[in-house]
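Peer 1: First the structure, which I've put down as structure tokens, then a few questions once you've had a look.
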Amino acid sequence: MSTSEAQIRPLGGCLGAELTGFDLSAPLTPERAELLRRAFYANPVLVVRGQELAPEQLVTIGKVFGRLEAHSILHYRHPEHAELSYITNVDKDGNVDSFGQNKRATDWHSDGSFKAHPDSVAFLYSIAAPSSGGATEFCNMYAAYESLPDGLRQRVDGLKAFHKRGEGWRCESPPPPLTEAQKASGEFEGAEHPVVITHPHSGRRALYINPSHCVQVVGMERAASDALLDELVAHATQERFRYAHPWKVGDILFWDQRCLLHRAGRGTPAGEKRVMLRGMMVDRLSEERIAA
Ligand SMILES: [Fe+2]
């Protein structure tokens with residue numbers, strides 16, 4: 001860290017860190033933006049607590065990591081800032097939103113892996129948090145790859161897999177249907193990516209598969225592909241690779257889509273609100289080279 005008071009404090013065993021002494025509502029000078037980027041690329045789940053941030057400020061902060069992309073589910077977009085979207089269990093009339101409450105994004109996934117240029121980085125900013133439950137879980141795909149048995153690592157190096165939105169080999173809670181305009185846009189036709197990617201910033205290798213959107217290993221029979229992907233995801237999602245973040249109002253958490261899986265928190269007590277704003281970014285390095 002530089003001359004500021006910013007410090008990193010680990011939160012979990014192999015994942016999760018808190019950046020303290022850093023006020024995100026203060027102007028993001030080039031030096032401060034660089035400090036935030038560096039802290040993040042060394043800690044792919046990075047939390048800053050106690051922040052009071054307006055939507056405009058969240059957009060500015062997101063741009064530190066790349067170009068903001070609007071979410072494919074139109075219903076949850078912020079009315080004035082389409083590049084931000086809500087994760088909420090409350091509908092616009094104040095009633096419990098049953099889809100947002102317990103059905104959304106509960107499978108392990110990486111956002112946008114079905115796109116030619118998948119999302120790189122995302123943040124969640126907590127506006128209302130339950131008294132218990134509702135933690136968001138992450139797992140570390142660097143550590144998962146690095147700890148694969150030698151034989152399995154050699155089998156997956158060089159493979160590619162096809163990804164398509166909500167058609168993953170173990171997708172149990174698919175996202176809502178696309179609109180006709182989205183279907184016609186050609187943006188949701190799916191994409192191939194290496195099963196093991198090299199992260200464009202860290203240079204480290206990570207497993208890049210997820211049960212929600214990863215359909216099949218290219219050139220492999222479906223049954224064999226399912227068996228291999230099952231083996232990989234069972235290894236990757238072991239408790240020792242995970243961090244679960246229990247939310248407090250004012251937390252902003254940044255995570256890296258290229259070297260982590262995540263899934264939505266469960267167990268929010270009935271009648272309690274859980275509301276967050278999310279930004280999703282694609283960075284130029286990632287567009288240029290997510291390479292095997
Ligand atoms: Fe997600």
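None of the figures in this text is laboratory data; all of them are computed from the coordinates on show. Everything quoted here is computed from the prediction, not taken from an experiment. For neighbour counting, all protein chains shown are included, and Cβ atoms are generated from backbone atoms with ideal geometry for every residue, glycine included.
Peer 1: Report the Cα-based extents of the chain along its three principal axes, largest first, to the nearest Å.
Peer 2: Sorted largest first, the three principal extents are 51, 47, 36 Å.
Peer 1: While we're here: What's the extension gain from residue 60 to residue 188 if we count 0.36 nm per residue and subtract their Cα-Cα distance?
Peer 2: Separation in residues times 0.36 nm, less the Cα-Cα distance, equals 43.3 nm.
Peer 1: Over the Cα atoms of region 109-159, how large are the radius of gyration and the largest Cα-Cα distance (Dmax), in Å?
Peer 2: When restricted to the Cα atoms of region 109-159, Rg and Dmax are 16.2, 46 Å.
Peer 1: Please identify, among 163, 262, 199, the residue showing maximal mean-square fluctuation in a Gaussian network model of the chain using a 10 angstrom Cα cutoff.
Peer 2: Looking only at 163, 262, 199, the biggest GNM fluctuation is shown by 199.
Peer 1: Along the principal axes of its C-alpha atoms, what lengths does region 1-47 span, in descending order and rounded to whole Å?
Peer 2: Cα spread of region 1-47 along its principal axes, largest to smallest: 32, 18, 17 Å.
Peer 1: Gain in length, residue 160 to residue 223, computed as 0.36 nm per residue apart minus the alpha-carbon separation, to one decimal in nm?
Peer 2: 21.1 nm
Peer 1: When we measure straight from the Cα of residue 273, which lysines land under 17 angstrom away, once same-chain ones fewer than 8 places off are left out?
Peer 2: Cα-Cα hits under 17 Å: 92, 103, 248.
Peer 1: Then there is this: Starting from the amide H of residue 260, placed 1.01 Å from N in the peptide plane, find each other amide H under 5 Å away whose residue is 5 or more places distant or on another chain.
Peer 2: 141
Peer 1: What does DSSP give for the chain in terms of the percent of beta bridges that are antiparallel, rounded to the nearest 5?
Peer 2: 95 percent
Peer 1: Quick one: among 204, 67, 170, which has the greatest mean-square fluctuation in a GNM of the chain with alpha-carbon springs under 10 angstrom?
Peer 2: So, out of 204, 67, 170, the one fluctuating most is 204.
Peer 1: Dipole magnitude of the chain about its Cα centre, charges +1 at Lys/Arg Cβ and -1 at Asp/Glu Cβ only, in debye to the nearest 20?
Peer 2: 280 debye
Peer 1: Wrap a convex hull around the Cα atoms of region 29-151, take a quarter of its surface area, and give that in square nanometres.
Peer 2: Over all viewing directions, region 29-151 projects a mean Cα-hull area of 10.5 nm².
Peer 1: Once every DSSP H run of n ≥ 4 in the chain is given -39500 (n - 2.57) and the sum is divided by its residues, what mean residue ellipticity at 222 nm do you get, rounded to the nearest 500 deg cm²/dmol?
Peer 2: Value at 222 nm, helices only: -6000 deg cm²/dmol.
Peer 1: Sorted from largest to smallest, which semi-axis lengths in Å does the alpha carbon gyration tensor of region 185-259 give for its equivalent ellipsoid, taking the root of 5 times each eigenvalue?
Peer 2: So the equivalent ellipsoid measures 26, 17, 14 Å along its semi-axes.
Peer 1: Let me ask something else about it. If N is the number of residues in region 121-269, what value comes out of its Cα radius of gyration divided by 2.2 N^0.38 Å?
Peer 2: Cα Rg divided by the expected 2.2 N^0.38 Å: 1.13.
Peer 1: Can you pull out the GluC sites (Glu not before Pro) in region 203-292 whose DSSP state is coil and whose Cβ has at most 11 other Cβ atoms within 10 Å?
Peer 2: Hits after loop and neighbour filter: 221.
Peer 1: Per residue of region 24-29, what does 6.51 cos²θ - 1.76 cosθ + 1.60 with θ = phi - 60° give for ³J(HN,Hα)? Whole Hz please, x for Gly and Pro, Karplus curve as stated.
Peer 2: Going residue by residue, I get 6, 7, 6, x, 8, 5 Hz, with x marking Gly and Pro.
Peer 1: Would you work out the relative contact order for the chain, in percent, from Cα pairs under 8 angstrom that are 6 or more residues apart?
Peer 2: Reported as a whole number, the value is 33 percent.
Peer 1: A further question on this structure: With N set to the residue count of region 133-190, report its C-alpha Rg divided by 2.2 N^0.38 Å to two decimal places.
Peer 2: 1.60
Peer 1: Pop the C-beta distance of residue 132 and residue 77 into the FRET formula with R0 = 25 Å and round what comes out to the nearest 0.05.
Peer 2: The calculated FRET efficiency here is 0.30.
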